[in-house]
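> Here it is, the structure, as structure tokens.
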Amino acid sequence: MSFIAYEDVSVVFPATGKKEAVTALEDIHLQLEPTELVVVIGRSGCGKTTLLNLLAGFMSPSKGRVLMDGLPIVGPGVERGAVFQKNALMPWFNVRKNVELGLIFQKISAEARKARVEECLAWVGLEEFANHRVYELSGGMQQRVGIARALAGDPRILLMDEPLGALDALTRETLQELVLDIWNKSHKLILLITHSIEEALFMGTKLVVMTPRPGRIHKVYPLDFCQKFIAGDDARAIKSSPEFIALREEIMGVIHPKEGGAL
Ligand SMILES: Nc1ncnc2c1ncn2[C@@H]1O[C@H](COP(=O)(O)OP(=O)(O)OP(=O)(O)O)[C@@H](O)[C@H]1O
Ligand SMILES: [Mg+2]
């Protein structure tokens with residue numbers, strides 16, 4: 001039995017007013033295992049966020065089932081932490097409070113909360129900023145807070161919907177490496193959505209390429225570039241290697257059969 005299984009899943013958003021019904025996902029079969037780093041890529045509107053929302057328990061499929069440990073997902077749960085492109089932090093709280101918030105709702109003791117928050121802030125390199133307000137931080141630092149907050153409840157799965165999409169190129173590369181470090185140390189399942197083919201190839205152990213509406217899975221690629229990075233290879237050298245470039249071009253051809261531009 002797989003840890004996570006999408007079984008024959010379709011999602012149809014019903015027609016409302018003048019808007020026609022939208023089939024966001026169709027015939028999705030996908031298995032995810034506990035320590036994978038699964039990256040989902042595809043054109044805008046192909047159903048990536050819908051795929052993630054099903055696993056988060058924010059919505060239910062119109063057809064089929066999404067199972068965790070063989071049981072249907074029926075709503076959000078502490079074992080699934082989420083990070084979004086817009087980090088949805090509380091700007092009037094300081095960093096520590098933002099990371100701690102979810103733990104307060106979980107009725108964890110103040111002492112245990114403090115220790116856990118310190119640990120998570122250390123993971124994302126923000127120990128010295130614990131007392132800063134969120135609005136005093138850069139975009140990259142705010143995303144680090146978002147990651148620390150998602151980690152605080154020690155979820156089994158980290159769901160990341162374009163978490164690095166709004167960052168400049170250098171900050172983005174630094175955070176890619178941070179997420180890989182967290183994944184490598186925590187052995188969590190990560191489901192990451194991105195529009196960057198390079199990011200997808202560099203970070204994933206499994207790449208799910210989706211087709212445009214209705215969203216279907218075109219192909220699932222096993223990857224090992226991130227393991228090479230974790231073993232000590234240089235990130236730039238990996239990204240400019242012939243294998244990496246060949247796969248990047250192949251996937252570009254799938255997603256952009258004619259024009260070959262950015263997603
Ligand atoms: N709540 C909703 N009501 C109606 N249609 C929706 C709803 N949410 C998503 N859709 C539609 O479902 C399709 C898939 O949307 P989704 O947000 O999953 O795509 P996506 O791949 O994440 O796109 P992007 O890359 O732009 O974030 C789109 O056509 C979208 O307009
Ligand atoms: Mg989306």
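Throughout, read-outs are computed from the coordinates displayed, never taken from laboratory work. All figures in this text were calculated on a predicted structure; none of them were measured in a lab. Here the Cβ is made from the backbone with ideal geometry for all residues, glycine too, and neighbour counts use every protein chain on show.
> Give me the Debye-computed log₁₀ of I(q)/I(0) at q = 0.08, 0.10, 0.13, 0.17 Å⁻¹ for the range 1-147, equal point scatterers on Cα only, no solvent, two decimals.
Log10 of I(q)/I(0), two decimals: -0.31, -0.48, -0.76, -1.04.
> Turning to a different aspect of this structure: Just to confirm my numbers, what's the Cα centroid distance between the range 139-206 and the range 41-65 in Å?
Centre-to-centre (Cα) distance: 19 Å.
> While we're here: Compare the Cα positions of Ser44, Ala5, Gly17 along the charge dipole of the range 1-46 (+1 at Cβ of Lys, Arg; -1 at Cβ of Asp, Glu; about the Cα centre) and return the one farthest towards the positive end.
Gly17
> Show me the ranking of peptides 96-104, 145-153 by mean Cβ neighbours inside 10 Å, starting with the highest. If you can, show how the numbers build up before the last one.
Details: 96-104: 20.1, 145-153: 24.4.
Top of the packing list down: 145-153, 96-104.
> Still on this structure: So, by mean Cβ neighbours within 10 angstrom, what's the order for 170-176, 155-161, 11-17 with the highest one leading?
155-161, 170-176, 11-17
> Which residue, Gly64, Ala152, Ser186, has the largest displacement toward the positive end of the dipole of the chain when charges sit on each Cβ (Lys, Arg +1; Asp, Glu -1)?
Value: Gly64.
> Scan around Ser2 for amide H atoms under 5 Å from its own, H built in the peptide plane at 1.01 Å from N, and keep only partners 5 or more places away or cross-chain.
Hits under the 5 Å cutoff: none.
> Same structure, new question: Given Cβ point charges of +1 (Lys, Arg) and -1 (Asp, Glu) and nothing else, what value in debye, to the nearest 20, does the dipole of the range 88-154 about its Cα centre take? Please list the in-between numbers first.
Details: 9 positive and 8 negative charges, 48 e Å.
I would put it at about 220 debye.
> Would you mind checking which residues have amide H under 5 Å from Gly215's amide H? H placed 1.01 Å from N; only 5 or more apart, or other chain.
Amide H to amide H, under 5 Å and 5 or more residues apart or across chains, Gly215 pairs with Leu25, Glu26.
> Go from 0 up to the bin containing the longest alpha carbon distance in the range 88-154, width 10 Å each, and give me the % of pairs per bin.
25, 60, 15, 0
> Same structure, new question: Please state the shape class of the range 130-178: rounded when a/c is under 1.5, otherwise prolate if a/b exceeds b/c and oblate if not, all from the C-alpha gyration tensor. Mind showing how you got there, number by number?
Working: a/c = 2.14, a/b = 1.11, b/c = 1.92.
It is oblate, given that a/c is not under 1.5 and a/b is not larger than b/c.
> Taking every pair of alpha-carbon atoms in the range 133-258, what share in percent sits in each 5 Å bin, from 0 to the bin with the longest distance?
The calculated distribution, bin by bin, is 2, 9, 20, 21, 20, 15, 9, 3, 1, 0.
> Eigenvalues of the Cα gyration tensor times 5, then square-rooted: what semi-axes does that give for the chain, in whole angstrom, largest first?
On the way: eigenvalues 171, 115, 62 Å².
Semi-axes, largest first: 29, 24, 18 Å.
> With runs of 4+ DSSP H residues as the only contributors, calculate the mean residue ellipticity of the chain at 222 nm using -39,500 (n - 2.57) per run, divided by the residue total and rounded to the nearest 500.
Values: 9 runs with 98 residues, N = 263.
The per-residue figure over the chain is -11000 deg cm²/dmol.
> Could you give me the ³J(HN,Hα) list for the range 74-90, computed from phi with Karplus coefficients 6.51, -1.76, 1.60 and θ = phi - 60°, whole Hz, x at Gly and Pro?
10, x, x, x, 5, 6, 10, x, 10, 10, 10, 4, 8, 6, 6, 7, 8
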